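Participant: The structure's right below; bear with me while I get my questions together.
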Ligand code: PLP
């Protein structure tokens, strides 16, 4: 295919801004005219130190992170951070509350159960698509923390509010929604986010940690996951995913240049609303199984050909979109149907191209 011209609706790893890729391409063989790629340089070099510091400073600036929070870069992905959170924070009381609203929060709860007692704040729904009202949640009096996933990538479920926990530290997985909406960081104990959806390539996970929660890791916690150790070493305790951090830093600069998180939020609303409106006005031909009050602005799952979906028609939908250079629209294998992911690098025009196709497809098949 032609150079990076695909309309990429993938859920992750996902589309990156074209400008970022061009810049990385430009510097690939010789970073700052040094005759070496940044990939080929020591993580102890002053060049890498500058990238590492700059990336942390930009997280602080873009998300307005207060001084009493540390910004850490880990490896091990979102999944590694599920374990890291439990091993760093659960030691205080041995109990944590988990709000399970889909695939990723369930995985996090199961991972945490290896390190302590996990209390489910509400029963796991048979079919995802709802978030029970917080007034009905069953939170434990002695929880070390309350955990939730801000945006369930697989299911297309997103919280449109920050839950209230009466002083208990709140932990949020923002892997698929970080830097897509302005948030009050002071409401959180820890935010974790794999980079590979909205802010960079796979390989680096960003954690924003309130400093009073640092220093409680269990003895069994690997040193690379111990927040105290990672922080003391400015996230260079061992060899980091240097190239991933480098590209992530370019993405942060791109976000800053393009109106910051506020503008990413505006675009996210516009793009997702365009798709949800298309479904609403399709007379049932397209349908979204998710409750209106928790529909995701990032991952939009839908069925084609009436409620429950017509699998043959959905297959045809995917064949025809591929032909039009629209890629990675297949729903997650556990959910089926179609899923369009609309991360920061996806433009409104690209979403509009998909919408125009949806109108045509409906005409052709009903
Ligand atoms: N949390 C969310 C919301 C995700 O979407 C994902 C991955 O897709 C993960 C966690 C797991 O991340 P990783 O694959 O980096 O372990």
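Participant: For region 67-85, name all the residues that are more than 8 Å from the ligand (Cβ to nearest atom) and either assigned to a loop (DSSP other than H, G, I, E, B) or modelled with pLDDT under 95 (or both). Please lay out each step first, then the result.
Facilitator: Step one: filter region 67-85 for residues more than 8 Å from the ligand (Cβ to nearest atom), giving 67-75, 83-85.
Passing the criteria: 67, 68, 75.
Participant: Considering region 10-36 alone, what residues qualify as being touching a residue at least 60 places away in the same chain (Cβ under 8 Å) and not in a helix (DSSP H, G or I)?
Facilitator: Matches in region 10-36: 10, 11, 12, 13, 14, 15, 16, 17.
Participant: Is at least one residue of region 140-152 free of Cβ contacts under 8 Å to residues at least 40 places away in the same chain and away from the ligand (no atom under 16 Å from the Cβ)? Steps first, please.
Facilitator: Of all residues in region 140-152, those free of Cβ contacts under 8 Å to residues at least 40 places away in the same chain come to 141, 150.
Of the ones still in play, those that are also away from the ligand (no atom under 16 Å from the Cβ) are 141.
The answer is yes; a qualifying residue exists.
Participant: Then there is this: Report yes if some residue within region 287-301 is in a strand (DSSP E or B), farther than 17 Å from residue 15 by Cβ and touching a residue at least 40 places away in the same chain (Cβ under 8 Å); otherwise report no. Write out each step before concluding.
Facilitator: So in region 287-301, the residues in a strand (DSSP E or B) come out as 287, 295, 299-301.
When the remaining residues are screened for being farther than 17 Å from residue 15 by Cβ, the result is 287, 295, 301.
Among the residues that remain, those that are also touching a residue at least 40 places away in the same chain (Cβ under 8 Å) are: 295, 301.
Yes, the conditions are met somewhere in region 287-301.
Participant: Hey, residue 12 hits all of (1) within 16 Å of the ligand (Cβ to nearest atom); (2) surrounded by fewer than 19 Cβ atoms within 10 Å (Cβ to Cβ); (3) on the phi > 0 side of the Ramachandran plot but one; which does it fall short on?
Facilitator: Status for residue 12: all satisfied but (2).
Participant: A follow-up question, please. Show the residue pairs meeting these rules: Cβ distance below 8 Å; 6+ apart or different chains; first residue within region 269-280 and touching a residue at least 12 places away in the same chain (Cβ under 8 Å); second residue crowded, with 21+ Cβ neighbours inside 10 Å and in a helix (DSSP H, G or I).
Facilitator: Qualifying pairs under 8 Å: 271/351; 274/351; 275/351; 275/354; 278/358.
Participant: Residue check: is residue 264 within 14 Å of the chain's Cα centre (by Cα), in contact (Cβ under 8 Å) with a residue 12 or more places away in the chain, assigned by TED's automatic domain parsing to the domain that holds residue 291 and within 30 Å of residue 133 (Cβ to Cβ)? Don't jump to the end; show me each part of the working.
Facilitator: Details: within 14 Å of the chain's Cα centre (by Cα): yes; in contact (Cβ under 8 Å) with a residue 12 or more places away in the chain: yes; assigned by TED's automatic domain parsing to the domain that holds residue 291: yes; within 30 Å of residue 133 (Cβ to Cβ): yes.
Yes, satisfied.
Participant: Would you check if residue 105 is away from the ligand (no atom under 11 Å from the Cβ), assigned by TED's automatic domain parsing to the domain that holds residue 237 and assigned to a helix (DSSP H, G or I)?
Facilitator: Numbers: away from the ligand (no atom under 11 Å from the Cβ): no; assigned by TED's automatic domain parsing to the domain that holds residue 237: yes; assigned to a helix (DSSP H, G or I): yes.
No, not satisfied.
Participant: Test of understanding: among 217, 195, which residue is within 16 Å of the ligand (Cβ to nearest atom) and in contact with a helix residue (DSSP H, G or I) (Cβ under 6 Å, 6 or more places away or on another chain)? Don't jump to the end; show me each part of the working.
Facilitator: On the way: 217 fails: within 16 Å of the ligand (Cβ to nearest atom).
It is 195.
Participant: Of (1) in contact with a strand residue (DSSP E or B) (Cβ under 9 Å, 6 or more places away or on another chain); (2) under 15 Å from residue 8 (Cβ atoms); (3) outside any loop (DSSP other than H, G, I, E, B), residue 349 satisfies all except one. Which?
Facilitator: With (1) in contact with a strand residue (DSSP E or B) (Cβ under 9 Å, 6 or more places away or on another chain); (2) under 15 Å from residue 8 (Cβ atoms); (3) outside any loop (DSSP other than H, G, I, E, B) applied to residue 349, the lone miss is (1).
The values are calculated or read from the model by the stated rules, or taken from the named source; none is laboratory data. Nothing here was measured: the structure is a model prediction, and the numbers come from that model. A quick note on method: Cβ atoms are made from the backbone with ideal geometry, for glycine too, and the neighbour counts reach across all protein chains shown.
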